[in-house]
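A quick write-up on the structure given underneath.
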Amino acid sequence: MPRIRPIDDPDALAEAVRILRAGGLVAFPTETVYGLGALATDDRAVARIFEAKGRPRFNPLIAHLPGREEAEAVAEITPDGARLIDAFWPGALTLVLPRRADSALSLLACAGLPTAALRAPAHPAAQRLLRAVGAPVAAPSANASGKLSPVTAAHVRDSLGEAVDLILDGGACQIGLESAIVDVSGETPTLLRPGGVTAEEIEEVLGRPLARLDGPVGDAPSAPGMLESHYAPGLPIRLEARDVAPGEAFLAFGAVHPEGAAASLSQTGDLREAAASLFSLLHALDDPSRFRRIAVAPIPETGLGRAINDRLRRAAAPRG
Ligand code: TXA
Ligand code: MG
């Protein structure tokens, strides 16, 4: 069973910082729910989150940090974003903001998107942890995929077991419900997920209605699948490839590494390494001045391979 230590014990906090900085996983309490944390600047550490949760998909994760100053280092604070930060941070509100070009955030944590979801939790011990780590911490709710969000350390232990290196116990979460998520990266502020801070409170501060994904409020962008925003390269993709066709950027995996391959997701066939490098390699190869298509070697449909294949299939699907 994973170790559970009280978050108020300075020694436990120091251990958590060491584990996180070394690329490990630490579950920690926030005022909403327990998060499964990993260094948000480390693709391999973030890959472990998806592995531990058994998530069949790479959806973007929330990066947790102490406050506005740390947020400014990784994302652009839009005027609406600034208003909401002043009103609700630290607290149960996550903001989707444009990622800075020089952002240190892992591309896997942002699922390859040009935006980043940021939250400054109010929980005092979570604040201490984040300040001590000194880097953003990616943290989805600390439960196995498809299970209830954990609001006690015991829930985390029962759901994730050995997959987590350390659980910091801060008692029961006060709110017990995930943070609200508002996208303030564009013209129209949009509620992506209702949560700890209410839509009415947010609208009051913004002085205008929020667009919502589920109903026409204001000029709601009705793009389907917006909540599940996806990054896809501009070039077409060929899957299950074993050889390089003319003009193709070939992405190798393990032993499927034909001559002329442009790059490898993992030479040793390690799925964690492949997950960690997936978005950065797709971004690098998505260059129409050099290639006409990206070809990808077969990836086994096990463990993290399921999420890798899910993303590749979406990227390869015909576009409307
Ligand atoms: O209360 C909470 O928010 C908890 C605690 C641990 O902080 N965290 C949490 O994280 O619920 P998670 O990963 O389960 O939820 C993240 C949500 C996902 O639904 C994801 O699609 C959305 O945030 N999201 C993240 N980045 C996004 C982005 N760039 N654009 C749109 N949606 C994004
Ligand atoms: Mg969740």
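Throughout, read-outs are computed from the coordinates displayed, never taken from laboratory work. Being a predicted model, the structure only gives us computed values, none of them experimental. Ideal geometry is used to build each Cβ from the backbone, glycine not excepted, and the neighbour counts take in all protein chains shown.
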Work out the charge dipole of the range 237-316 with +1 on the Cβ of Lys and Arg and -1 on the Cβ of Asp and Glu about the Cα centre, then indicate which of 276, 289, 250 is farthest towards its positive end.
289
For a quick size check, give me the Cα extents of the chain along its three principal axes, largest first, whole Å.
57, 50, 32
Taking placed amide H atoms and a strict 5 Å upper bound, the residues 5 or more places from residue 238 or on another chain that come that close are 294, 295, 296
Convex hull of Cα atoms in the range 237-316, direction-averaged projection (nm²):
4.5
Residue 267 to residue 154: FRET efficiency via 1/(1 + (r/R0)^6), r the Cβ-Cβ distance, R0 51 Å, to the nearest 0.05?
0.80
Quick calc: nm separation of the 7 Å Cα→Cβ label points for residue 314 and residue 201 -> 3.0
GNM, the chain, Cα, under 10 Å: largest mean-square fluctuation among 165, 86, 310?
86
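Can you figure out the FRET efficiency of residue 230 with residue 8, using R₀ = 45 Å and their beta-carbon distance, to the nearest 0.05? Write out the running numbers ahead of the final one.
Values: r = 40 Å, r/R0 = 0.90.
With R0 = 45 Å, the Cβ-Cβ based efficiency is 0.65.
Select from the range 234-273 those GluC sites (Glu not before Pro) which occupy a DSSP coil region and have at most 14 other Cβ atoms within 10 Å, ordered by residue number. Spell out each step's value before the answer.
Details: sites: 240, 248, 259, 273; in loops: 240, 259.
Qualifying residues, ordered by number: 240, 259.
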Trypsin sites (Lys or Arg not before Pro) within the range 47-93: which are DSSP loop residues with at most 15 other Cβ atoms inside 10 Å?
57
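For the chain, what are the DSSP H helices with axial Cα length of 15 Å or more and mean Kyte-Doolittle hydropathy of at least 0.5?
Qualifying helices, which must be both long enough and hydrophobic enough, are 271-285.
When the helix-only estimate is applied to the chain (DSSP H runs of n ≥ 4, each -39,500 (n - 2.57), divided by the residue count), what is the mean residue ellipticity at 222 nm, nearest 500 deg cm²/dmol?
Numbers: 9 runs with 92 residues, N = 320.
After summing the helix terms and dividing by residue count, I get -8500 deg cm²/dmol.
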Please state the charge dipole magnitude for the chain, taken about the Cα centre, from unit charges on C-beta atoms (+1 on K and R, -1 on D and E), reported in debye and rounded to the nearest 20.
740
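Using DSSP to define loop residues, name the GluC sites (Glu not before Pro) in the range 1-83 whose beta-carbon has at most 16 other beta-carbon atoms within 10 Å. Intermediate values should be presented prior to the final figure.
On the way: sites: 15, 31, 51, 69, 70, 72, 76; in loops: 31, 76.
Answer in residue order: 76.
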